[in-house]
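> Pasting a structure here, questions to come.
The values are calculated or read from the model by the stated rules, or taken from the named source; none is laboratory data. Just so it is clear, the structure is predicted and the values come from calculations on it, not from any experiment. Neighbour counts are summed over all protein chains in view; Cβ atoms, including those assigned to glycine, are modelled from backbone coordinates with ideal geometry. The accessibility values were calculated without ligands, DNA or RNA, using every heavy atom of the protein model including side chains. Shrake-Rupley method; radii C 1.70, N 1.55, O 1.52, S 1.80 Å.
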Amino acid sequence: MNQWLDDRLHISRLNDKFLRKAFPVHHSFFLGEITLFSLIILILTGILLALSYEPSNSMVVNSFDPGTADAPNLVPAAYHSALKINAAPFGDMLRRIHHWTANIMVAAAVIHMMRVYFTGAFKKPREINWWIGMLLLIFSALTAVTGYVLPYDNYAYNTLKVIYSIAASIPWVGEWVAQAAFAGKFPGDGVIPRVYGYHIMLLPGILLALTGAHMLLMIKQKHTQPQYAKRVAYKKIVGVPLMTQQTPIMLMLTLLFAGIIVLFSAFIPVHPVEYFGPPSTTPIDNIKPDWYLLWVFGVLAIIPGIEFDFLGGNINSEFIGAILLPTLAIGAMFAVPMLDRSRENLYYAENPTNHPVRLGIGVAFMMLLAVWSVAGYKPELISSGILSTENANTVLWIATFLIPALSYFFVQAVVRGIRSLREADERDRTTHAAHADD
Amino acid sequence: MTRYKRQDPEITRRKFINVAMGTTAAVGGVSLLSALGSANPVFRLTADKMPPLEGDILVHAEESKEGRPIALADLSDQLVRAWPMGKDENGADVIRKGDPNNILALYRFPAGEIVAPTNLEATVDGQVVAYSDVCTHAGCSVSDSDINAGEMRCPCHSGQFAPKRGAVVIGGPPPKPLAQLPIRQDGERLVVAGFFLTPPYPYHNNEAEWDNLKQEVEEALA
Ligand code: HEM
Ligand code: FES
């Protein structure tokens, strides 16, 4: 059959070009692959969910608890369909798998990105793929947030409300943007169909296109080579080909990973819609976004309530905290490849300890996001007595500056330690070698 | 030898094609932008979406009692949420919950505890006070504080308000106090005495738009 296909489609050229691509063998190179598998699992489970989900926020009678004829118990159709999915055999599992995979996809992407950053793999010629990767991260988060809203329980409703008001806080155009994005004044009659369109058509389409570009560039430019490749065969590509050595490794990894997700889903529930109930005016205490957006939430919690008019636009703390600061943080991440001025193409993955400043800045940046994420727990910190209403903001703002700075210097100290150990080893080896010569 | 020198055309072919393609792409692109307009549906101000109006009765918002008029005896220093209930164009009762920002917070404090900047004229005997229950920060529904009795706390980013003092901000990111709603007593019932005294969320930083809305409401009712 191969012959038959080859005669017509010349697939052997494909084979030479793509399927023999050499994959370096190192565990840190599997992080990107885990992200890719997550996307595939999300698409498969998402299609299954879409078969039973009803994208509408019109009110329907709750068939599980219909109420009486003159006082029927009305709930949004989307919420009702989430209840029905939960009641169906394996339905709750399906939702949990979809939700857990979404979390793991973002986590894998973040760690993958850390690997790329710390080993310098973003340097010339791979800048474009760093930027595509950033876009993938942003769009994954957007996809997950829109997915969050779909069950349309009280939790989703409150989340959507906050998202709407963040969009509306953009000066000058905010109100228009928010209404255009979410089908009219909150909560518009068409808001769920709108978010559904984003979640299952627009955003996955963008994600797939970006993923395709990411993979093609990776194949064209090749991975950075791990250090051991330098010793094995200098300036040669070392690794196992996609067909057939890498494929079984990938398959095993996928199955193992799928197994872990199913285990997680079986034991740890996510987003229990029955517990939160349909949208209502009763707020949810200490509502939190998913972990990867907690830092934005933390900024909002500690930013003082400022507001001023600028050229006819209203600039408020919500805009500064939820749009301006995150844009700056993301902008800094986009700028990373431009800070490297070398003209040489990078061939080998670098040892992070040989680039202590880059390592230190990366760690400090992560600590900054961590401090802000902790700030997202401000109400809990206050009610547990660790902080008080009066000092919470001050303490958290000091931590915002102090902890990243301290971790920067801590990293420098550790790197110096590692280096002097390495040099001592080196000296030992040379003296031993000298003795052996005698 | 050559009699005729070859004249360069004023514009090269390449340039012509580039300009032509650029123009079509720009015109086409801009025309597609107009499709974005359809993303933003027309807003119709129906009775259930109007803000609380003079004469509206305050009714319970809590699920189990929704729509029942609120009596003085139902109120205490614990927050009670209410909807304004008015009439639609056919004169039937309509709870104005089509706009969730119409949710109200009611408190009743012992005489003398409610002080300025609360507008005491707009309370019932200086004891019962009504505010918009929507946080001026990002529009979450504000609750009683779990730490200090007699204060309010927003569950979203811990904005804090003092309901005895005109719901001024005493902590967190909200930029403005909660808007106070003037109320009066009418027999057993609590009745709205007029529009919010200051623009409520989401008009809290856009006075002009709030005035527009009030005008639109008055035109619709006239
Ligand atoms: C590509 C990345 C994707 C991410 C990160 C993602 C994330 C999420 C999340 C976090 C939820 C909330 C789950 C819950 O709590 O119930 C959700 C729900 C949903 N997703 Fe996705 N999703 C993705 C792709 C897709 C695709 C491709 C489809 C369909 C073709 C899809 C269809 C759905 C549906 C129908 C729901 C609502 C299910 C329900 O909660 O009842 N998703 N998604
Ligand atoms: S919405 Fe109330 S504090 Fe942010």
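> Please name all residue pairs, on different chains or six or more residues apart, with Cβ atoms under 6 Å, provided the first residue is in the range B:1-28 and is modelled with pLDDT of 90 or more and the second residue is surrounded by 10 or more Cβ atoms within 10 Å (Cβ to Cβ).
none
> Sticking with this structure for a sec: Given the residues B:VAL59, B:VAL27, B:VAL94, which is the only one that is part of a helix (DSSP H, G or I) and either more than 14 Å from chain A (Cβ to nearest Cβ) or surrounded by 12 or more Cβ atoms within 10 Å (Cβ to Cβ) (or both)?
So the residue among B:VAL59, B:VAL27, B:VAL94 that is part of a helix (DSSP H, G or I) and either more than 14 Å from chain A (Cβ to nearest Cβ) or surrounded by 12 or more Cβ atoms within 10 Å (Cβ to Cβ) (or both) is B:VAL27.
> Next question. For the range B:66-91, which residues satisfy the criterion of being basic (Lys, Arg) and either within 12 Å of chain A (Cβ to nearest Cβ) or in a loop (DSSP other than H, G, I, E, B) (or both)? Give the derivation first.
Of the residues in the range B:66-91, the ones basic (Lys, Arg) are B:68, B:81, B:87.
Answer for the range B:66-91, where residues must be basic (Lys, Arg) and either within 12 Å of chain A (Cβ to nearest Cβ) or in a loop (DSSP other than H, G, I, E, B) (or both): B:ARG68, B:ARG81.
> Within the set of pairs 6+ apart or on separate chains, which have a first residue in the range A:414-431 that is β-branched (Val, Ile, Thr), a second that is part of a helix (DSSP H, G or I), and C-beta atoms under 7 Å apart?
A:VAL415/A:THR353; A:VAL415/A:PRO356; A:VAL415/A:LEU359; A:ILE418/A:THR353
> Suppose we keep only residues that are within 12 Å of ligand 1 (Cβ to nearest atom) and under 23 Å from the mean Cα position of the chain (by Cα) within the range A:252-290. Which one would you say is nearest to A:LEU137 (Cα to Cα)?
Result: A:ASP290.
> Let me ask something additional. So which pairs qualify, if the first residue must be in the range A:31-59 and within 14 Å of another protein chain (Cβ to nearest Cβ), the second must be in a helix (DSSP H, G or I) and within 9 Å of ligand 1 (Cβ to nearest atom), the Cβ gap must be under 7 Å, and the two must be at least 6 apart or on different chains?
These pairs meet every condition: A:ASN57/A:ALA78.
> Taking only pairs six or more apart or across chains, which ones have beta-carbon atoms under 7 Å, a first residue in the range A:267-290 that is polar (S, T, N, Q), and a second residue that is assigned to a loop (DSSP other than H, G, I, E, B)?
A:THR281/B:ALA61; A:THR281/B:ILE103; A:ASN286/B:PRO155
Here is a yes/no grid of residues against (1) over 21 Å from the mean Cα position of the chain (by Cα); (2) under 19 Å from A:ALA405 (Cα atoms); (3) in contact (Cβ under 8 Å) with a residue 24 or more places away in the chain; (4) open to solvent by 60 Å² or more (accessible area, probe 1.4 Å):
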site	(1), (2), (3), (4)
A:THR353	yes, yes, yes, no
A:PRO356	yes, yes, yes, no
A:GLY376	no, no, yes, no
A:LEU381	yes, no, no, no
A:SER384	yes, no, no, yes
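> Are any residues in the range B:69-91 over 19 Å from B:ALA167 (Cβ atoms) and either of a type in the set (A, V, I, L, M) or open to solvent by 10 Å² or more (accessible area, probe 1.4 Å) (or both), and if so, which ones?
Step one: filter the range B:69-91 for residues over 19 Å from B:ALA167 (Cβ atoms), giving B:69, B:71-74, B:85-91.
B:PRO69, B:ALA71, B:LEU72, B:ALA73, B:ASP74, B:MET85, B:LYS87, B:ASP88, B:GLU89, B:ASN90, B:GLY91 - these are the residues of the range B:69-91 that are over 19 Å from B:ALA167 (Cβ atoms) and either of a type in the set (A, V, I, L, M) or open to solvent by 10 Å² or more (accessible area, probe 1.4 Å) (or both).
> Something else now. Being hydroxyl-bearing (Ser, Thr, Tyr) and open to solvent by less than 20 Å² (accessible area, probe 1.4 Å) is the requirement here; does A:SER81 meet it? Step through it out loud before you land on a result.
Values: hydroxyl-bearing (Ser, Thr, Tyr): yes; open to solvent by less than 20 Å² (accessible area, probe 1.4 Å): yes.
Yes: the conditions hold for A:SER81.
> For B:LYS49, all conditions in the list (1) in contact (Cβ under 8 Å) with a residue 40 or more places away in the chain; (2) open to solvent by 70 Å² or more (accessible area, probe 1.4 Å) hold save one; what is the number of the exception?
Status for B:LYS49: all satisfied but (2).
> May I ask you to verify whether A:ARG343 is touching a residue at least 60 places away in the same chain (Cβ under 8 Å) and open to solvent by 30 Å² or more (accessible area, probe 1.4 Å)? Can you show your working first?
On the way: touching a residue at least 60 places away in the same chain (Cβ under 8 Å): yes; open to solvent by 30 Å² or more (accessible area, probe 1.4 Å): yes.
Yes: the conditions hold for A:ARG343.
> Which residues, taken from the range B:155-186, are within 9 Å of ligand 2 (Cβ to nearest atom) and within 21 Å of A:ILE315 (Cβ to Cβ)?
B:CYS156, B:HIS157, B:GLY159, B:GLY172, B:PRO173, B:PRO174
> Give the range A:250-290 a look and list any residue that's exposed (fewer than 15 other Cβ atoms within 10 Å of the Cβ) and under 16 Å from A:VAL162 (Cβ atoms), or say none.
Residue satisfying the conditions is A:ASP285 alone.
> Now for a separate question. For the range A:97-108, which residues satisfy the criterion of being surrounded by 17 or more Cβ atoms within 10 Å (Cβ to Cβ) and either more than 8 Å from ligand 1 (Cβ to nearest atom) or not in a helix (DSSP H, G or I) (or both)?
Scanning the range A:97-108 gives A:ILE97, A:TRP100, A:ILE104, A:ALA108.
> Can I ask one more? Mind checking whether some residue in the range A:169-178 is within 14 Å of another protein chain (Cβ to nearest Cβ), open to solvent by 30 Å² or more (accessible area, probe 1.4 Å), not charged (D, E, K, R) and not in a loop (DSSP other than H, G, I, E, B)?
Yes, because at least one residue in the range A:169-178 is within 14 Å of another protein chain (Cβ to nearest Cβ), open to solvent by 30 Å² or more (accessible area, probe 1.4 Å), not charged (D, E, K, R) and not in a loop (DSSP other than H, G, I, E, B).
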